[in-house]
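First the structure, in the form of structure tokens, and then the observations on it.
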Amino acid sequence: MDARYIIRKHQLLQECQVAPEIFDQVLPRLHTFMEPFVAPFQGQALTQHAETSVSGLLSDVERKNVESIAYQFGQNRLGLQGFIGWADWDDAPLRKALLGQVGTQLGQGDGVLVFDPSAFPKSGRESVGVARQWCGRLGKVDNGHVAISLGYVSRMGHTLVDLRLYLLKAWTQEKARLDKAGVPKAQRGYRTRHQLALEMLEKNGASLPHRWMAGDDEMGRPYWFRRRLDRLGERYLLAVPGNTLLRDLETAPPESRGRGRRPTRPWQRVDQWNTSLAQEAWTTIDVRDGAKGPLVVELVKRRVVARTPQRQEGHEETVVVVRYRDRDRQEVVTIDFYLSNGPAQTSLATFARVAKAAHRIEECLQRSKSEAGLADYEVRHWTGWHHHQTLSLIATWFLVTETRRGKKMDTGHDVTSDAGRYRPDPVPGLPVRNNVPYAA
């Protein structure tokens, strides 16, 4: 590793030291934090189970499933299993409370909604939604669940807000399996991953102030989805695969030969078009140190039209290419391609910010899986899956609120700054991994 980077890394870690008093009142704050989420419950038993579940998801239990959490707190696992797996309580009010808090505390007019399909490797033919299917994050076909997540990003912070379980068409065509898994009749019709995203947008969009929508290349691939968002008046920056065909509207069309049909600009794959650009076409933006070393971002944008499935020209869009270059070795480490319906005058800095927002939610998903037990469920039933996911979203939000609290207590850093970001250790009173706060 370059000596300059080692020095800078040491400086960043020094900035990330957190005063011990930040953690002194975590447990009481967790109890207060949970009050609006347990308010809909009738009875002390349900309230206690909810608080125990979230505390367990925030603890350092290796596998944050119901059994491990129950044993961690010295409880009978059957009570907690029933609460998560099949108890008759509606998680919708809890998600509504979460939505309201995120919109109030993080909401900004230029916020970004991010859709991200996430894979959960699981087995068992009778487990709701489990099947061999494409898992974009894994980059292969595997056995498990796929959920479409909705995240929110602003300068105030970022978190997950909602999730939808994707059911393959084969699942929706087997009534016996649907019955056994407890899938509600209103949810049995087949819907694509993009239709699930649109449902979440319709339900949550008005409560989350935003100007942009973002997503990975699975979300950006279908032309109809981008067109639908455009017609809804939503401004998007969606990643697309490198084989996406487009026509560059900022290059002159071929000269006419004076007879026959007027020649048109050729269709080009975006990855091949990208390699034909001169170096002076790129604009460099220096960004903060990446997790694996220092990075520089280079961007280019052009007005284009993409080809539709009917081999026609689609609506006018902007292609944005982002190259991530190692600042020291000057090597291109990643190239991302995007299409946007944003105004032609949209700045490259704005596009870079929205692209970064999508990566923020990818990080948040990984944090939710590693620190809030998002993927550690062992349930087969529709109800149990949604109960677990809702409580995990709430646990993730608690981590976010504690992170923001720590930034405010550190007078050396603004709440909107990435520098000095910290993660709180598991809840005091529970086993901890170590006694030292650790950096992001």
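The values are calculated or read from the model by the stated rules, or taken from the named source; none is laboratory data. Because the structure is predicted, anything quoted here is derived from the model rather than measured. Note that each Cβ is placed from the backbone with ideal geometry, even for glycine, and that neighbours are counted across all protein chains shown. Quick note on the areas: whole protein, heavy atoms, side chains included, nothing else; ligands and nucleic acids left out. Shrake-Rupley method; radii C 1.70, N 1.55, O 1.52, S 1.80 Å.
Has segment 130-140 got any residue that is over 23 Å from Ala352 (Cα atoms), free of Cβ contacts under 8 Å to residues at least 12 places away in the same chain and open to solvent by less than 40 Å² (accessible area, probe 1.4 Å)? Scanning segment 130-140, I find no residue that is over 23 Å from Ala352 (Cα atoms), free of Cβ contacts under 8 Å to residues at least 12 places away in the same chain and open to solvent by less than 40 Å² (accessible area, probe 1.4 Å), so the answer is no.
Can you spot a residue in segment 12-30 that is modelled with pLDDT of 90 or more and either touching a Ser or Thr at 6+ places or on another chain (Cβ under 8 Å) or more than 19 Å from Trp385 (Cβ to Cβ) (or both)?
Among the residues of segment 12-30, at least one is modelled with pLDDT of 90 or more and either touching a Ser or Thr at 6+ places or on another chain (Cβ under 8 Å) or more than 19 Å from Trp385 (Cβ to Cβ) (or both), which makes the answer yes.
Looking across segment 77-106, the residues that are assigned to a helix (DSSP H, G or I) and among the small types (Gly, Ala, Ser) come down to Gly79, Gly82, Gly85, Ala92, Ala97, Gly100, Gly103. Sort through Arg8, Arg95 and tell me the only one that's within 30 Å of Glu234 (Cα to Cα) and either modelled with pLDDT under 95 or not polar (S, T, N, Q) (or both). Criteria check complete, one pass: Arg95. Of the residues making up segment 39-67, those that are under 22 Å from His381 (Cα atoms) and within 27 Å of the chain's Cα centre (by Cα) are Ala50, Glu51, Thr52, Ser53, Val54, Gly56, Leu57, Arg63, Lys64, Asn65, Val66. Take the residues in segment 154-171 that are open to solvent by 30 Å² or more (accessible area, probe 1.4 Å) and part of a helix (DSSP H, G or I), then tell me which one is farthest from Lys407 (Cα to Cα). Taking the candidates together, the pick is Ala170. All conditions in (1) at pLDDT 90 or above; (2) in a strand (DSSP E or B) hold for Val297, with the sole exception of (1). Residues of segment 107-128 that are outside any loop (DSSP other than H, G, I, E, B) and either open to solvent by 30 Å² or more (accessible area, probe 1.4 Å) or in contact (Cβ under 8 Å) with a residue 60 or more places away in the chain (or both): Val112, Leu113, Val114, Phe115, Asp116, Pro117, Ser118, Phe120, Pro121. If you go through segment 98-137 and keep only what is among the polar types (S, T, N, Q) and modelled with pLDDT under 95, you end up with Ser118, Ser123, Ser127, Gln133.
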